[in-house]
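The values are calculated or read from the model by the stated rules, or taken from the named source; none is laboratory data. As the structure is a prediction and not an experimental result, all values here were calculated from the model. Reconstructed Cβ throughout: ideal geometry from the backbone, glycine too, with neighbour counts over all protein chains shown.
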Amino acid sequence: MNRLFFGILLVLAGCGPASKKNEKPETGTLASDFKLPYRLTAPDEKYTLPGTLNEISGLTYYKDDQLLCVQDEEAVVYVFDTKKGKVVKDFGFGGYGDFEGIEYVNDQVYVLESNGRLSRFTPESTSIGRTKTDLPKKTEVEGLGYDPKTKRLLIAVKEGKGSSDKAVYSFDLLNKAVFKDMSLNDEQLEAAGIDPKTYKPSGIAVHPITGEWYMITSVGKRLLITNRQAKIIYSEPLDPKAFRQPEGICFAPNGDLYIASEGDGKRGYILTFKY
């Protein structure tokens, strides 16, 4: 039932005419007065995760002081309590897969696999829905977010072919349709000081206050911020000592930022940055 609609959409209210592709590469930082509201070199908190989350691959805000985490190849969701500093609960959702992203929306948990398949369920439910998103062949995805303005899940492409490379797709939760919302080009990335070969997003999240799209890359160790019209407004390299393998990103409703890193041979961890 799902259909794939190609073409970059100008997403203003969840609908509208498709926008044109970027005709000219934009400068590295479009908003010259933009100031990142976080100090990425000085996290406010660091939470070390249990061994079961050494390969944490996805992160989402759940409720007050609690985050949901998922890791590669294990169909289990872990509830991490930031006040207690530990996992307080876990629940499985069955099956096997390469799980790369998680998002909690309207009392539903969505888990993304690298092939684009989505699992949907309520916490601790035994009823699991599976949805194929019909992304282009040979497209590997790794980031899952949610844009409340369009009411769509965002799916960031890690590795794609042709038009799917460096793209962000969205999945309309109402119509069960996939759209291509954004695509960056090599010229844009180079103008922003980013080697296009290292731009392989591992996480994506929408800022709850400003609406900007935040993307992290594990390969190139970088934070990239864009608007909905595919314009890069900010980028900053991440210290590999502080961010060993950044895989998950999410926000609290008040704007606090969370970034999760795999252990890379050690324990996984979550860093908190106050807004």
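Listed here are the residues, each with its yes/no results for (1) at pLDDT 95 or above; (2) out of contact with any strand residue (DSSP E or B) (no Cβ under 8 Å at 6 or more places or on another chain); (3) surrounded by fewer than 21 Cβ atoms within 10 Å (Cβ to Cβ).
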{"site": "Pro123", "(1), (2), (3)": "no, no, yes"}
{"site": "Thr133", "(1), (2), (3)": "no, no, no"}
{"site": "Glu159", "(1), (2), (3)": "no, no, yes"}
{"site": "Val168", "(1), (2), (3)": "yes, no, no"}
{"site": "Leu173", "(1), (2), (3)": "no, no, yes"}
{"site": "Asp181", "(1), (2), (3)": "no, no, no"}
{"site": "Glu190", "(1), (2), (3)": "no, yes, yes"}
{"site": "Pro201", "(1), (2), (3)": "yes, no, no"}
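Scanning segment 173-198 for residues that are within 22 Å of Ser119 (Cβ to Cβ) and either of a type in the set (A, V, I, L, M, F, W, C) or free of Cβ contacts under 8 Å to residues at least 60 places away in the same chain (or both) yields Leu173, Leu174, Asn175, Ala177, Val178, Phe179.
Residues in segment 223-243 that are touching a residue at least 60 places away in the same chain (Cβ under 8 Å), surrounded by fewer than 20 Cβ atoms within 10 Å (Cβ to Cβ) and farther than 22 Å from Asp181 by Cβ: Glu236, Asp239, Ala242. Of the residues that sit in segment 223-252 and are of a type in the set (Phe, Trp, Tyr) and in a strand (DSSP E or B), which one is farthest from Val70 (Cα to Cα)? Here the residue is Tyr234. Within segment 92-110, is even one residue of a type outside the set (Lys, Arg), farther than 24 Å from Ala177 by Cβ, assigned to a strand (DSSP E or B) and free of Cβ contacts under 8 Å to residues at least 40 places away in the same chain? Checked against the condition, which is being of a type outside the set (Lys, Arg), farther than 24 Å from Ala177 by Cβ, assigned to a strand (DSSP E or B) and free of Cβ contacts under 8 Å to residues at least 40 places away in the same chain, segment 92-110 yields at least one hit. Given the structure, is Leu153 among the aliphatic types (A, V, I, L, M) and assigned to a strand (DSSP E or B)? So Leu153 fits the description; yes. The sole residue among Gly255, Gly220 that is in a loop (DSSP other than H, G, I, E, B), within 17 Å of Glu142 (Cα to Cα) and in contact (Cβ under 8 Å) with a residue 24 or more places away in the chain is Gly220.
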